[in-house]
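Worksheet for the structure shown next.
The values are calculated or read from the model by the stated rules, or taken from the named source; none is laboratory data. Here the structure is a predicted model, which is why all the values come from computation and not from measurement. Note that we place each Cβ from the backbone using ideal geometry, even for glycine, and neighbour counts take in every protein chain shown. Note: areas computed on protein heavy atoms with side chains; ligands, DNA, RNA excluded. Shrake-Rupley method; radii C 1.70, N 1.55, O 1.52, S 1.80 Å.
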Amino acid sequence: MNGKIALEEHFITPEFGQPIVNLSDTRLREVYRRLLEVEEERLEGMDKNGIDFAVLSLNMPGIQSETNPRVAVERSISVNNELASIVARHPNRYAGFAAVAMQEPSAAAAELSRCVSDLGFKGAMVHGYTNVGNAETGEYLDEPKCLPFWERAESLGVPVYLHPRNPLPGQARIYNGHPELMAAVWAFTVETATHALRLITSGLFDRFPRLNIILGHMGETLPFSIWRIENAYSMGRGGKELNKPLSAYLSENFFITTAGNFSTPALLATMLVVGADRMLFSVDYPWASMDDGAKWFDEAPISAADRRKIGRVNAERLFGLPEASE
Ligand code: ZN
């Protein structure tokens, strides 16, 4: 399929990449090289794979791991300016998701407004919980202090992409002795699915019903699990009473992308649960391969109409992009 739009596509600046610069792992060094590169190889890969347009975002954990709130606000502004200059050089190929300092939600709201209104960004990407004060203290996005940010996102009409990160060090006991299960292997999924459920059960979407959250990786297992989650929640363990069944929030307040999860059974299951209107193609470049993601998606056994929706049309509508000429 030509004209695809992808939206979990990461970049990094040397400043944010410092922790991985000296890694001996050759694969990670290659990922890092590709994270820095936005001018040639990435665009050639998009051309080759029928990806017309990519929404770029700062690599994880981005601003979220900055323990000093004042520094977090400053760094978010400078990296958003840097992303704006990349987009300005390739306005027909790239747009941006803002990096926001949730350490200071009011400042994050102001920066989101600036990025959307002045820089033409399409929303924000937040990498899980936000460290405040030290590496062991994390705050989640459903906490009351974040309400000004959500209010702004809803009023601007832009989505927020909830991206994974590893759990807080003090909450990683279950992975002790099993470092192989950290990150994208499994820990990201648990952390992000739980975070998304916190957003739902906090009542955030009753308060802001037009809010849209984007989840990558085919919904972090939630489409597969939502029946059991909803069923058990309805038996009541002190959970908040919500306006709608939990599955309705998953279908009405979330968009789910194919980023980094090129599984046909997972694609079909997700379509059955949330519907093709709430799904979006993505790669998760350069952590996942553009060639693999595009080839899989182009050949997946779904109708041409659904492929068009997931590959492009839903993103056009969500981001207010001009329709493809073809
Ligand atoms: Zn990613």
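Rounded, prolate or oblate: which fits region 8-112 when a ≥ b ≥ c are the square roots of the eigenvalues of the alpha-carbon gyration tensor, with rounded for a/c under 1.5 and prolate only if a/b beats b/c? Note, shape of region 8-112 comes out oblate. Once C-alpha pairs closer than 8 Å and six or more residues apart are averaged by separation and normalised to the residue number of region 4-319, the relative contact order reads 18 percent. Where only DSSP H runs of four or more residues are counted, the chain gives -13000 deg cm²/dmol as its mean residue ellipticity at 222 nm, each run worth -39500 (n - 2.57). Residue pairs exceeding 25 angstrom between C-alpha atoms, taken from Lys48/Lys309; Lys122/Lys240; Lys145/Lys309; Lys4/Lys244; Lys122/Lys244: Lys122/Lys240; Lys145/Lys309; Lys4/Lys244; Lys122/Lys244. For region 4-319, with all protein chains in place and a probe radius of 1.4 Å, 54% of the accessible heavy-atom surface sits on carbon or sulfur.
Largest accessible area first, the listed residues Leu156, Leu215 line up as Leu156, Leu215 when surface is computed with a 1.4 Å probe on the assembled protein chains. Note on Met218: accessible area approximately 10 square angstrom, rounded to 10, probe 1.4 Å, nucleic acids and ligands left out.
Net charge of the neighbourhood of Glu154, taken over other residues with C-beta under 10 Å away and scored Lys/Arg +1, Asp/Glu -1, is +2. I need the helices of the chain that pass two filters: whole DSSP H segments spanning 30 Å or more by Cα along the axis, and mean Kyte-Doolittle score no lower than -1.0. Within the chain the helices that satisfy the rule are 69-89. Think of each Lys and Arg Cβ as +1 and each Asp and Glu Cβ as -1; about the Cα centre, that makes the dipole of region 4-319 roughly 560 debye. Counting only aspartates and glutamates at least 8 places from Lys295 when in the same chain, those with an alpha carbon closer than 14 Å to its own are Asp47. Counting 0.36 nm for each residue step from Ser263 to Ala232 and taking away their Cα separation leaves a gain of 8.4 nm.
Reported to the nearest whole Å, the Cα centre-to-centre distance from region 155-192 to region 79-102 is 24. Amide H contacts for Tyr94 (H built 1.01 Å from N in the peptide plane; partners 5 or more residues away or on another chain; cut-off under 5 Å): Ala54. If both residues of a DSSP beta bridge must be in the chain, then about 10% of such bridges are antiparallel. Rounded to whole numbers, the Karplus 3J(HN,Hα) couplings from phi for region 129-135 are 5, 10, 6, 10, x, 7, 5 Hz, using 6.51 cos²θ - 1.76 cosθ + 1.60 with θ = phi - 60°, and x at Gly and Pro.
Hey, could you get me the Stokes-Einstein D for the chain, Kirkwood radius over alpha-carbon pairs, 37 °C and 0.692 mPa s, rounded to whole µm² s⁻¹? It comes out at roughly 165 µm²/s.
Counting Lys and Arg as +1 and Asp and Glu as -1 over every other residue whose Cβ lies under 13 Å from the Cβ of Gly203, the net charge comes to 0.
A Förster radius of 45 Å, combined with the Cβ-Cβ distance separating Thr26 from Arg210, puts the computed FRET efficiency at roughly 0.50. Were the residues from Lys145 through Glu39 laid out at 0.36 nm apart, the gain over their Cα-Cα distance would be 34.3 nm. Taking a Cβ cut-off of under 15 Å around Ser113, the surrounding Lys, Arg, Asp and Glu residues balance to a net charge of -2, with basic ones at +1 and acidic ones at -1.
Per residue, the solvent-accessible area of the chain (1.4 Å probe, heavy atoms of protein chains only, all protein chains present) comes to 44 Å².
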